[in-house]
Amino acid sequence: MLFDIPIWKIAVDAYFVWVLVFFLVKFLVSNKRMLSIAVSFIFVYLLAYISNILDLLISAPILSYLSEWMPVLMIVIMAPDIRRSLEVVWKADNRNENLVMGSEKTKQNIVDAAMYLSSQSIGALMTIEKHNTLDQFADRAITMNCEVSKEVLINIFTPNTPLHDGAVIIRGDLILCAGAYFILSDNQNFDKTMGSRHRAGLGISEITDSLTILVSEETGHVSICVEGIMLKINDRDKLMEYVNMFMK
């Protein structure tokens with residue numbers, strides 16, 4: 001039967017299987033958590049197979065039942081990792097090629113607002129858009145479309161105002177929206193003392209190429225998040241340096 005199949009079909013079939021295995025192994029190796037989970041599941045399947053061959057009265061039914069539910073368990077346990085993988089694909093495809101970054105005046109206003117909010121220990125979350133559009137988050141926020149200014153940013157984050165809990169999204173020289181909410185990072189190495197504002201800032205930096213400026217309401221410390229990394233900023237000059245590098 002095998003010899004009746006054209007050689008080109010066998011070659012294509014083998015190539016598809018090779019590609020599938022290659023990317024699966026590459027994905028698992030790059031994600032230690034998923035690799036350990038996959039190895040655990042394979043071990044359970046192996047135990048179930050051996051117990052069925054040996055016809056073990058107690059373990060065979062239990063392991064067989066467990067192995068039937070393994071695909072569901074795998075999806076549930078790996079959901080965060082699957083989500084991150086899909087977000088990486090979304091990040092690659094969701095790019096705005098007509099990029100216009102903010103002016104020097106906009107940069108100054110952003111930095112001045114951040115430093116003032118820091119001096120008053122007022123929490124803030126300002127995300128500057130780059131290539132990856134943030135429309136999916138802006139669509140569910142309060143539309144502003146106003147010029148970036150220190151005064152407007154301070155007013156937005158003033159405690160007990162309607163928009164102070166969410167994030168501001170900045171596109172070019174405009175405040176696109178306020179009151180935006182991002183997916184929280186589930187980075188296991190994240191400082192457990194940080195709150196949801198910092199997790200949101202880190203989360204949006206993991207799935208887009210944006211820069212987020214954070215101000216802690218507990219300490220007044222300023223941090224930036226970019227490419228899944230959070231950095232604490234000591235002074236205004238250092239913050240301006242990072243903003244200039246990002247918005248050049």
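The values are calculated or read from the model by the stated rules, or taken from the named source; none is laboratory data. Keep in mind that what you see is a predicted model, and the values were worked out from it rather than measured. Virtual Cβ from ideal backbone geometry, glycine too; neighbours counted across all protein chains shown.
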Considering each of I207, I154 in turn, give the residue that is in contact with a Phe, Trp or Tyr (Cβ under 8 Å, 6 or more places away or on another chain) and farther than 24 Å from K105 by Cβ.
I207
I need the full set of residues from the stretch 8-61 which are at pLDDT below 75 and of a type in the set (S, T, N, Q), in order please.
S30, N31, S36
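Please indicate, with yes or no, whether at least one residue in the stretch 148-166 is in the same structural domain as D209 (by TED's automatic domain parsing), within 20 Å of the chain's Cα centre (by Cα) and closer than 27 Å to K248 by Cβ.
So the first thing to find is which residues in the stretch 148-166 are in the same structural domain as D209 (by TED's automatic domain parsing), and the list is 148-166.
Filter once more, so that each one left must be within 20 Å of the chain's Cα centre (by Cα): 165-166.
Still in the list and also closer than 27 Å to K248 by Cβ: none.
Scanning the stretch 148-166 turns up no residue that is in the same structural domain as D209 (by TED's automatic domain parsing), within 20 Å of the chain's Cα centre (by Cα) and closer than 27 Å to K248 by Cβ.
For T127, indicate whether it is modelled with pLDDT of 95 or more and more than 21 Å from the chain's Cα centre (by Cα).
Spelling it out, it is not the case that T127 is modelled with pLDDT of 95 or more and more than 21 Å from the chain's Cα centre (by Cα).
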